[in-house]
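What follows is a short report on a single structure.
The values are calculated or read from the model by the stated rules, or taken from the named source; none is laboratory data. Since we're looking at a predicted model, the values are computed, not measured. Positions of Cβ are backbone-derived with ideal geometry, glycine not excepted, and every protein chain shown enters the neighbour counts. Accessible surface areas use protein heavy atoms only, side chains included; no ligands, DNA or RNA. Shrake-Rupley method; radii C 1.70, N 1.55, O 1.52, S 1.80 Å.
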Amino acid sequence: MFALLSAIFGAWYAIYNFDSWRREHQGKRQAELAEETLALFYEASDIVNIVRSPMSWGYETDDLKRLDDETDEKYRARKSAYVVFKRLSDHHVQLNKLYAMRYRFMAAFGAEKAKPFTDFHDVLSEIRRAGHMLSHLWARRPYQNEAQAERDAELVKTYENVFWEMLPEDDKIKPKVAAIVKEIETTCRGVIEARSTLYGVINKKFTR
């Protein structure tokens, strides 16, 4: 009887140990994924700030070719818009890492938790659309009438508030990026902290 009880207890203890190891291993992998994801979002947030900086340098448009029969005004407008596209291209490796992480994140935490990836992609698309519009709006001269000039001035202001970094009350992108980072922080930090707690509990059980 004692031998049977010992065998049952030994089997239970082995299963318990294996389950504890499995949960710890899974928690460690999820925590590492969460840490990597959060770091990528922090980096991507900084990239958006760099991309939208109103300060530009001549070398950023060195590879932009002037089109045949393009007026000086149209060329200047296209150069001003090109700066942001150039910066996005220069940081495509880091941004692609973020996009590639999306599927691993979905597999680990569910599609609904991966919404910040889509939202961040939408923000970059919004910046690109603003750039395309401004490359035309900045070159619209002269105007046929005052009404058209006022209408275009409003459009320019709207798109510039997306394209360039503006004062807090006018900036359309900074609040969106901040909200995205906050949302992914909530998910990732919850996983990281939960893993730390689980690891501590398991260590206490096996070091007594």
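Just wondering, is there one or more residues in region 73-92 that are assigned to a helix (DSSP H, G or I), at pLDDT 95 or above, within 17 Å of THR187 (Cβ to Cβ) and not acidic (Asp, Glu)?
Within region 73-92, none of the residues are assigned to a helix (DSSP H, G or I), at pLDDT 95 or above, within 17 Å of THR187 (Cβ to Cβ) and not acidic (Asp, Glu).
Among all residue pairs at least 6 apart or on different chains, which show Cβ distances below 6 Å where the first residue, located in region 49-62, is in a loop (DSSP other than H, G, I, E, B) and the second is of a type outside the set (D, E, K, R)?
If the second residue must be of a type outside the set (D, E, K, R), the pairs left are ARG52/TRP164; PRO54/TRP164; SER56/VAL83.
Is it the case, given these coordinates, that ALA147 is loosely packed, with under 12 Cβ neighbours inside 10 Å and in a helix (DSSP H, G or I)?
yes
Just one of (1) open to solvent by 60 Å² or more (accessible area, probe 1.4 Å); (2) over 30 Å from ILE192 (Cβ atoms); (3) within 20 Å of the chain's Cα centre (by Cα) trips up ILE50, so point out which.
Here ILE50 clears every test but (2).
Determine which single condition VAL84 fails, assuming it passes every other condition in (1) surrounded by fewer than 18 Cβ atoms within 10 Å (Cβ to Cβ); (2) among the aliphatic types (A, V, I, L, M); (3) within 19 Å of ASP46 (Cα to Cα).
(1)
Taking only region 63-81 into account, find how many residues are touching a residue at least 24 places away in the same chain (Cβ under 8 Å) and either farther than 22 Å from PHE163 by Cα or open to solvent by less than 70 Å² (accessible area, probe 1.4 Å) (or both).
6
Of these, ARG129, ARG104, which one is closer than 30 Å to GLU73 by Cβ, charged (D, E, K, R) and either assigned to a helix (DSSP H, G or I) or in contact with a helix residue (DSSP H, G or I) (Cβ under 7 Å, 6 or more places away or on another chain) (or both)?
Among ARG129, ARG104, only ARG129 is closer than 30 Å to GLU73 by Cβ, charged (D, E, K, R) and either assigned to a helix (DSSP H, G or I) or in contact with a helix residue (DSSP H, G or I) (Cβ under 7 Å, 6 or more places away or on another chain) (or both).
Does any residue of region 177-186 turn out to be open to solvent by 40 Å² or more (accessible area, probe 1.4 Å), modelled with pLDDT of 85 or more and outside any helix (DSSP H, G or I)?
no
Looking only at residues that are open to solvent by 50 Å² or more (accessible area, probe 1.4 Å) and hydrophobic (A, V, I, L, M, F, W, C) in region 92-137, which one is farthest from the chain's Cα centre (by Cα)?
MET133
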